[in-house]
Amino acid sequence: MNELKVPVITIDGPSGAGKGTIAQMLALELKWNILDSGALYRTLAYFMKKNAISLKNFSEKEDEIKAKFNVSFDPGTPGEPVKVLFENEDITSIVRTEEMAQLTSNLAAEPIIREFIKPCQRDFMIQPGLIADGRDMGTVIFSDAKHKIFLTASIEERAKRRQTQLKRQGLEVNMRNLLQELEERDKKDMEREHSPLIPAKDSVMIDTSNLNPEGVVKEIKTYL
Ligand code: C5P
């Protein structure tokens, strides 16, 4: 396998496993670029909703969408989510809701959507390096990356973390609903036909349930 010219560390795993926090910490420490692929899918879902674009008319509008789909990320500050900028407007709080996550998960199962997002993701490979966070970073998009991490955590711990994140955004959520939504979304992401959520064979698996973010980063550094 050819080695990538730009070093890439992939971080995959289910929702709430800590991918965003860890990707942010590594990107800030290494001064590397960051790709939050989940946010890329969320932004596309937001754009389609806003412009009344459906799966049916997606292909006829594809060139128009491509021309307008300018997404970038700012790792921001620790403790805050990675910022999502769409045409230079900060849409972080708009796309990081559970409602948008469910909508996104449905869309992300569609091959036409995955094919559209694929090249956008490779465009983030810029020197000095890239931290790529998602579900299929190590298996599909950067299958040629040298370093692959797969984060897991118990469903209870992941729901707790998601609740804290949403609370910080000023959103109140019911824990029972959140648990159910996370379970449904994980199931959909793991069982879909195209690019399902599975660990790459050459990935290192870290259970983050009983670790703080610094502990996870320490384990990753030991592996690197
Ligand atoms: O990571 P995040 O929760 O923002 O992702 C939202 C949804 O986007 C996921 O539930 C998943 O369905 C989809 N996704 C994906 N492939 C990725 C990243 C996210 O299908 N690489």
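So the values come out like this:
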quantity	calculated
Residue that is nearest to the ligand (Cβ to nearest atom) [pool: residues in segment 21-39 that are more than 15 Å from residue 72 (Cα to Cα) and open to solvent by 10 Å² or more (accessible area, probe 1.4 Å)]	21
Per-region count, segment 133-144, residues more than 9 Å from the ligand (Cβ to nearest atom) and either closer than 17 Å to residue 217 by Cα or open to solvent by 10 Å² or more (accessible area, probe 1.4 Å) (or both)	3
Qualifying residue in segment 60-67 (condition: small (Gly, Ala, Ser) and free of Cβ contacts under 8 Å to residues at least 40 places away in the same chain)	yes
Within segment 151-164, considering residues that are touching a helix residue (DSSP H, G or I) at 6+ places or on another chain (Cβ under 7 Å) and farther than 11 Å from residue 183 by Cα, the one surrounded by the most Cβ atoms within 10 Å (Cβ to Cβ)	151
Qualifying residues in segment 87-110 (those that are open to solvent by 60 Å² or more (accessible area, probe 1.4 Å) and part of a helix (DSSP H, G or I)) - the one farthest from residue 162 (Cα to Cα)	106
Whichever residue in segment 40-86 is among the hydroxyl-bearing types (Ser, Thr, Tyr) and within 30 Å of residue 18 (Cα to Cα) and, among such residues, is most open to solvent (accessible area, probe 1.4 Å)	77
Residue identified as assigned to a loop (DSSP other than H, G, I, E, B), more than 14 Å from the ligand (Cβ to nearest atom) and surrounded by fewer than 21 Cβ atoms within 10 Å (Cβ to Cβ) among 211, 179	211
Scope segment 82-118; condition of a type in the set (Lys, Arg) and more than 9 Å from the ligand (Cβ to nearest atom); matching residues	83, 118
Of the criteria (1) open to solvent by less than 40 Å² (accessible area, probe 1.4 Å); (2) under 30 Å from residue 60 (Cα atoms); (3) modelled with pLDDT under 95; (4) not in a loop (DSSP other than H, G, I, E, B), which one residue 196 fails	(4)
Conditions (1) touching a helix residue (DSSP H, G or I) at 6+ places or on another chain (Cβ under 7 Å); (2) surrounded by 19 or more Cβ atoms within 10 Å (Cβ to Cβ): number failed by residue 130	(1)
Some residue of segment 150-158 being in a helix (DSSP H, G or I), under 17 Å from the mean Cα position of the chain (by Cα) and in contact (Cβ under 8 Å) with a residue 40 or more places away in the chain	yes
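The values are calculated or read from the model by the stated rules, or taken from the named source; none is laboratory data. As the structure is a computational prediction, the values presented were derived from the model and not from experiment. Note: ideal-geometry Cβ built from the backbone for every residue, glycine included; neighbour counts use all protein chains shown. These area figures cover heavy atoms from the full protein model, side chains too; ligands, DNA and RNA do not enter into them. Shrake-Rupley method; radii C 1.70, N 1.55, O 1.52, S 1.80 Å.
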